[in-house]
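Shown next, in structure tokens, is the structure this report addresses.
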Amino acid sequence: MTLARDDLAVASTAKPARWSFDAKALIAAPGLIFMGLAFAVPVLMLIGDSFVDRDGLSLAGYRKVLGDPYYIGIIGNSLQLACITTAVCLAVGYPAAWALARIRGVWQVILFALIFLPLTVSIVVKTFGLTIMMRRDGIINFLLVNLGFIERPMRLVFTEFSLYFGMVNVFLPFMILPLYSVMRMLDPRLLDASASLGAGPVHTFLRVTLPLTMPGVIAGGTLVFSISVAAYVTPGLLVGDRFMTMSQVMAKAYLNIRDFQLGASMAVIMLVISAALILASSYLVRTPGGERR
Amino acid sequence: MALFGSLFCRLVLGFVIVFLFLPILIVLTVSFSSSAVFAFPPPGFSLRWYASLANADSMLQAVWLSTQIAALSTAISLVLGTLCAIAITRGMIPGAKVVATFMASPLMLPGLVLGIAFLQAARDFGLRDTYSTLLIAHVVITMPFIMRTVLASLSLFDFAMVDAARMLGRSYPAALWTVLVPNILPGFVSGGLFAFIASFDNYPVSIFLVDVRTKTLPIQLLNQVEMSPDPTVAAISALLILGTIAALIVCDRLVGLKRMASI
């Protein structure tokens with residue numbers, strides 16, 4: 001009850017004229033109290049834990065993470081993974097979303113469903129499928145050998161190729177869907193207007209299409225970056241310990257080596273990265289040039 | 001030139017769809033293979049891996065646990081989330097926008113961070129029971145999906161209808177139940193479906209909360225993939241895929257896929 005009462009108290013001090021206590025507001029109380037206790041408190045406690053060790057307040061966890069080239073390298077790995085995945089998803093997703101937005105009628109519904117459906121399939125299942133594809137006797141080697149690109153099957157599992165292939169495979173729809181929803185709104189007559197005013201296709205793309213679809217690029221980019229920087233299942237199965245990421249370190253810190261302060265500090269650093277990203281993207285969308293939703 | 005551009009985009013789209021479906025089709029193919037190794041192309045067709053599922057006790061237990069957790073957490077989120085969303089939409093509580101963002105924010109946090117936070121909190125609060133810890137954590141996971149869809153549905157709902165029902169003699173809860181609930185049913189269906197899938201498929205939070213005897217399906221599946229991958233895993237994955245498609249088709253009949261995805 002405390003949360004709801006606090007809220008009401010704030011309301012009555014802000015507007016002293018309004019005395020009426022609306023009992024109906026109490027319907028929000030169970031959900032708010034639950035989320036306060038089960039979500040806000042644990043996250044705040046985790047942040048607190050990262051500043052505490054056995055002797056009380058300490059920054060030892062952060063000193064360990066940020067002072068050690070090994071852990072700096074791991075943060076770098078996570079950022080690199082997220083950057084490359086986002087860049088490839090954008091490069092492939094942009095034209096695909098464009099085609100999806102320009103097609104009309106029943107085909108659009110069908111193709112949309114085909115992009116959407118893989119999202120609902122479990123990530124563990126998809127990654128399992130990817131590991132089968134990457135085997136020496138798997139379909140990728142089968143295709144490469146039969147198409148004459150390579151002589152003999154090569155090792156693909158646990159390489160960075162399989163990592164990026166898998167990451168893009170799992171997260172590409174998260175780029176296409178936001179792009180599509182923005183591109184669908186774009187008036188195609190604008191492109192004709194640009195062309196009839198003498199602009200070439202490249203010029204039209206850079207001056208009309210790209211600026212107008214920027215909100216989709218920002219939304220998709222933020223989404224793909226933030227989920228791939230925190231990805232755990234896909235990198236774990238496709239490269240394992242050869243390419244350690246922040247997620248692997250956090251999981252290891254809690255599940256294997258039981259260094260809770262290390263895990264908590266890593267978790268807070270990841271939290272800061274995600275928060276910074278969300279703030280940056282909402283700032284970008286609001287600035288003139290991006291604000292055309 | 002423009003024609004060339006649009007042709008290029010369509011080619012990319014076709015390539016993308018094939019690319020996205022590759023691992024899914026591979027899992028389906030392997031599940032019908034007569035061989036225990038994952039060679040491509042498979043040497044023959046058989047249903048033996050589906051038959052062997054009947055004996056995969058730990059896997060079936062995991063399916064049952066995940067189904068329970070996903071259904072219960074979705075139901076709890078639907079009730080708590082909808083009540084909260086009504087208060088937010090009606091401006092009954094101050095700072096409605098902040099409250100809405102707060103209720104939807106677990107989706108924006110990295111899953112592992114949430115999982116670690118739950119693990120530590122459960123320890124500090126002395127919560128030992130794996131089942132209830134999992135359930136509480138999954139309510140937090142499912143809440144954002146419910147909040148987003150229900151808030152969107154409520155923004156289109158005319159609350160004057162609730163007032164009308166009250167003037168005609170219904171109590172406030174009865175008015176909500178008979179007037180509001182049927183009207184925003186599509187929001188419940190699509191939000192509930194996504195919430196269910198998010199919970200059923202969750203790995204990064206559950207991994208910190210499960211114990212040896214109580215494992216959710218994604219954890220059990222990944223264990224099996226890492227330890228002894230055989231086509232039984234593919235068979236259960238194939239059933240999962242078919243189940244998801246069936247659920248999507250049912251929900252599409254009820255509310256329309258386009259509408260579900262756009263919210």
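What the table shows:
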| item | result |
| --- | --- |
| Proportion of all alpha-carbon pairs of the range A:29-160 beyond 24 Å (%) | 66 percent |
| Relative intensity, log₁₀ I(q)/I(0), of the range A:186-293 from a Debye sum that treats every alpha carbon as a point, q = 0.15, 0.24 Å⁻¹ | -0.76, -1.21 |
| All aspartates and glutamates inside 15 Å of A:LYS252 as judged from Cα atoms, apart from same-chain residues fewer than 8 positions distant | A:ASP241 |
| Fewest-first ranking of B:THR214, B:THR178, using other Cβ atoms within 10 Å as the exposure measure | B:THR178, B:THR214 |
| The range B:92-116-the range A:82-101 distance, computed between alpha-carbon centres (Å) | 28 Å |
| Overall Cα dimensions of chain B - principal axes, largest extent first, Å | 71, 65, 34 |
| Helix-only [θ]222 nm of chain A, DSSP H runs n ≥ 4, -39500 (n - 2.57) each, per residue, nearest 500 | -22000 deg cm²/dmol |
| Shielding score for A:95-105, defined as the mean number of other chain Cβ atoms within 10 Å | 5 |
| Top positive-direction residue, dipole computed over the range A:62-286 with Cβ charges, set A:GLY73, A:MET175, A:GLY200 | A:MET175 |
| Radius of gyration and Dmax over the Cα atoms of the range B:1-140, both given in Å | 23.5, 67 |
| Other protein chain Cβ atoms within 10 Å, averaged over every residue that makes up B:80-91 | 5 |
| The range B:138-191 - Rg and Dmax from Cα coordinates, angstrom | 12.6, 39 |
| Viscosity 1.306 mPa s, 10 °C: Kirkwood-radius Stokes-Einstein D of the protein assembly as shown over Cα pairs, µm²/s | 62 µm²/s |
| 222 nm mean residue ellipticity, helices alone, for chain B (DSSP H n ≥ 4; -39,500 (n - 2.57); rounded to 500) | -24000 deg cm²/dmol |
| Violating pairs (Cα-Cα greater than 25 angstrom) within the set A:LYS64/B:LYS215; A:LYS64/A:LYS126; A:LYS126/B:LYS215 | A:LYS64/B:LYS215; A:LYS64/A:LYS126 |
| Electrostatic dipole magnitude of the range B:106-263 [Cβ: Lys, Arg +1; Asp, Glu -1; Cα centre; debye, to 20] | 320 debye |
| Tensor-based shape of chain A (alpha-carbon gyration tensor, a/c under 1.5 rounded, otherwise prolate or oblate) | oblate |
| A:TYR62, B:TYR203 arranged by Cβ crowding within 10 Å, fewest neighbours leading | A:TYR62, B:TYR203 |
| A:TYR254, A:TYR164 arranged by Cβ crowding within 10 Å, fewest neighbours leading | A:TYR164, A:TYR254 |
| Debye-sum result for the range B:69-210 in log10 I(q)/I(0), which assumes one identical scatterer on each alpha carbon, at q = 0.16, 0.20, 0.21 Å⁻¹ | -0.84, -1.13, -1.20 |
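Throughout, read-outs are computed from the coordinates displayed, never taken from laboratory work. Since the structure is predicted, the reported quantities are computational estimates derived from the model, not experimental observations. Cβ: placed from backbone, ideal geometry, glycine included. Neighbour counts: every protein chain shown.
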